[in-house]
1. For the pair residue B:71 and residue C:64, how long in nm is the line joining their label points, each one 7 Å along Cα→Cβ?
2. Please work out the C-alpha center-to-center distance from region A:217-266 to region C:53-67 and express it in whole Å.
3. Please report the antiparallel percentage of the DSSP beta bridges confined to the protein assembly as shown, to the nearest 5.
4. Region A:39-113: which GluC sites (Glu not before Pro) are DSSP loop and have at most 16 other beta-carbon atoms within 10 angstrom?
5. Measuring from label point to label point, each 7 Å out along Cα→Cβ, what is the residue B:304 to residue B:210 span in nm?
6. What nm value, rounded to one decimal, do you get for the distance between residue A:427 and residue A:407 when each label is placed 7 Å out toward the C-beta?
7. List the trypsin sites (Lys or Arg not before Pro) within region A:374-472 that fall in a DSSP loop (any state other than H, G, I, E or B) and whose Cβ has at most 12 other Cβ atoms within 10 Å.
8. Using DSSP loop states and a limit of at most 15 other Cβ atoms within 10 Å to flag chymotrypsin sites (Phe, Trp or Tyr not before Pro), what is the longest stretch of chain A containing no flagged site?
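Values quoted throughout were computed directly from the atomic coordinates according to the rules given, and no laboratory measurement underlies them. Computed from a predicted model, the values in this text were never measured in an experiment. Every residue, glycine as well, gets a Cβ built from its backbone with ideal geometry; the counts of neighbours run over all protein chains shown.
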Amino acid sequence: MLAHLPVLQVIVPLLAAPACIILRRPGWVWAFALLASGSAFLISIALLQQVADSGVVVYELGGWEAPWGIEYRIDTLNSILALIITGISTIVLLAAHTSIQEEIPEDRQTLFYVLYLLSLAGMLGIVTTGDAFNVFVFLEIFSLSAYALIALGRDRRALWASYQYLIMGSIGATFILIGIGLMYQMTGTLNMEDLSRRLPEVAQTRTIFTAFAFLIVGICLKLALFPLHLWLPNAYAYAPSIVTAFLAATATKVALYLLIRFTYSVFGGSFSFTTLPLQTLFVVLGLLGVFAASITAIYQKNVKLIFAYSSVAQIGYMIVGYSISTPAGLMATLLHMFNHALMKGALFLALGAVMYRVGSVQLRDFHGLGRQMPFTMAAIVAGSLSLIGVPLTVGFVSKWYLVLATIENGWWPVAVLILLGSLLAIVYTWRIVEAGYFNAPPAGNEQVREAPLAYLIPVWMLVSANIYFGIDTRLSIQIATSAAQSLFGVGP
Amino acid sequence: MLSGIYGLLSASFFVTLDAVDVAFTEAAVGAGIATLLMLVTVTMTGRYEHSARHKPIGALAVVLVTGGLLLYGILDMPYFGSIDAPAHLHVAPRYINGSMQEIGVINIVTSVLASYRGFDTLGEVVVIFTAGVGVLALLSAVRRPEEDVEIDSVNVSMHEKYLILRVVTKILIPFILLFALYVQFHGDYGPGGGFQAGVIFAAAIILYSMLFGMSTARRVISQPIIQLLSAIGVLVYGSVGVVSLLNGGNFLDYNLLSDDPVAGQHLGILLVELGIGCTVTSVMVIIFFNFAGRTEDHMRNERKSA
Amino acid sequence: MFLGLYNYWIVVVLMMIGFYIIIAHGNLVKKIVGLNIFQTSVFIFYISVANIDGGTAPILAEGFSRYSNPLPHVLILTAIVVGIATTALGLALAMRIKEAYGSIEEEEIQQRANREC
């Protein structure tokens, strides 16, 4: 079985999804989904171990060798992402059963779990494959199930947000398809490893330039890079709480993975950063994203929207780290990916708890929550501290390395701007803290009790992980560094 | 209407470009299913759009930039139809030669689809399944028995109006189903295979339900069974892969399904196409039933409030 | 040169028509039509790449030695299916939006959505 870990990583959730239709009762389906997601998590740990021990793991699907068949090629970067995705998915699922009782009508609950597992399988398929077209197929599995999941939200604005996401996401996916087609036309292959060998000879043609441009724009649409981020805030805000917690922590990471994978492993770092002025472009767009989103967040009254805009800002940080195009910058980006997953997962789950007890996530309904739901508010505070980058949280570690990488590169103004962005984060998170602790509950909300354990356990698991990895940074740094270096050609 | 014509035109274009399997699928899907769904949606949403109040300069600018970039990229492309293009030299020759030797199937597209790149096709089946589940999650509604009685009375009046259509359809449907079965199993030897067969099968069911009323169709084809079928199709496909795993090979390696590798390939492709056909049929039917059901509800509510 | 690549010029024109419809029109159903046109033109592009002069459909037969490239055909079969899945979901969403908001024009929906806090 050990040799088949790469394919099992994707197959377990992929086949668990239709199997859910066979079990009818939502309670059983939840347990089954939890089992599937948990197994996927264990597989990802085993895979990471395998890569650390023996280097890149290659798996041929159907027994056909690449480039005639589809191959899975797992290196450190893939396995880190698989770990993050499956870990978040399992922890978030713990709270799902309770959460959806309030938010999703009973006849749709089984379908919810099916779509959830399909999203998970789609994301895992994207991060494990070594074939460009396979990426497109699993990208669509993930996207379609995400559109449906978001549309399950109670508010009718969820439908509109899902439609907008569908249109923008499909344009992005079609752009990626065009890029793949142009690459195939000039090289004759779809396998990523093979493409990296064959692209240098045709790299100077206009067609490859166009292919590259379309691929990058398509991926950036999925990544929600400013100014292509318009779908994200509404989609996160109006989706069911569990969906937001899951997608906010994972969806854009997968797009960022694709960006890194295509620019470094397929096109090669030197080509990617010289044909288009990607460095300048991404630094500017990343910083614009940080500021535009943070400022917008300050004016929002819906707490979910505040954190959704904050996600756009965090993506901006990750892109800045990426644009430095040195191993240090990439390492900071990967650390920030990890951090953001933990932090946003915890924050949106905690918001889910508030939604469950209070029935709304408007700022004015947060008044007095500090006393009524102490553990939940404490978790939100902890998550916000990580957002800002206060020491003892993972947020501090990743911001530190980010600033370090920019300074190493001589980009002093950028470092200053990053720190300014953190100040903005203090402003919008303070509004929530102030509402929770320094105000009396509004009329009608006095009966609010603390969230059920089903929420508190996963939320605090994520928060503790956040604090733990903020204090003991050896493991995360070691893995992130090894992944960054492997992309630059050193190590597995 | 226009989208139906567009689909048919694309299909014929594909035929002239020697892409017969694709033409078949595009005709069935693009000209058939897509048109159908558009018509059902438009019934509910209205046929006319409001004219835009402002000039879309921004959109025009974006389109011109994108188009310009594409045109720029075309300049270095290998000529259309040239045999030395890189696309034809690297991976394709093995598919063309190996199709008979390694897999024993003369339709090269089927051998690539179901065997060489079988995992992509599993992904494709899952995409259809996802669409079905998504539509179910969005549009399904619980039927109440008194609604069915209402619909039956509409049916009786329809019977007089569309008598000829009904009789002709009743004769045609068995032939359509037979053709679907033919396409399903003939995919190895000519254009065809699971997808096309699934769509044709679904078309027969949809034709029946269009002329005999949704409630009759729902009595013939029960909703839970169809949903179960869609899941089973995907699971059949996956199990073929799992059996290969258990037999000691990689996922979806058909060589291990039988003592003779080529026979194993045949068996694998047969089972996999069956899974595809199963899921495609059930999902198309699910999508149509839910679209039509929702539109019916909407029309009925409008009549009540009018 | 222009004649040798005529297929591709047509493809780009179609693509741009489709793309324009998606972003310029406000009617939700029309956007989906535009998306369809956009995607179909990409299919035609791939199939054009696959075509070989003097070749025939990639089904082995007596007397033919030149076959069109089967790989893009396979890719497009998958892409057609993905396209219909997206269309189905998009139209289902449009129907639900019509029920919830009473309209399928982007501007009107945006107005009604903004009015809720």
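1. Between residue B:71 and residue C:64, the simple spin-label model gives 3.6 nm.
2. Cα centroid to Cα centroid, the span is 44 Å.
3. Values: 9 of 11 bridges.
Of all bridge pairs located within the protein assembly as shown, approximately 80 percent are antiparallel.
4. Working: sites: A:60, A:65, A:71, A:102, A:103, A:106; in loops: A:65.
Sites meeting the loop and neighbour criteria: A:65.
5. A separation of 2.8 nm, rounded to one decimal place.
6. Label at residue A:427, label at residue A:407, 2.5 nm between them.
7. On the way: sites: A:399, A:431, A:449; in loops: A:449.
Passing sites in region A:374-472 are A:449.
8. A:1-298
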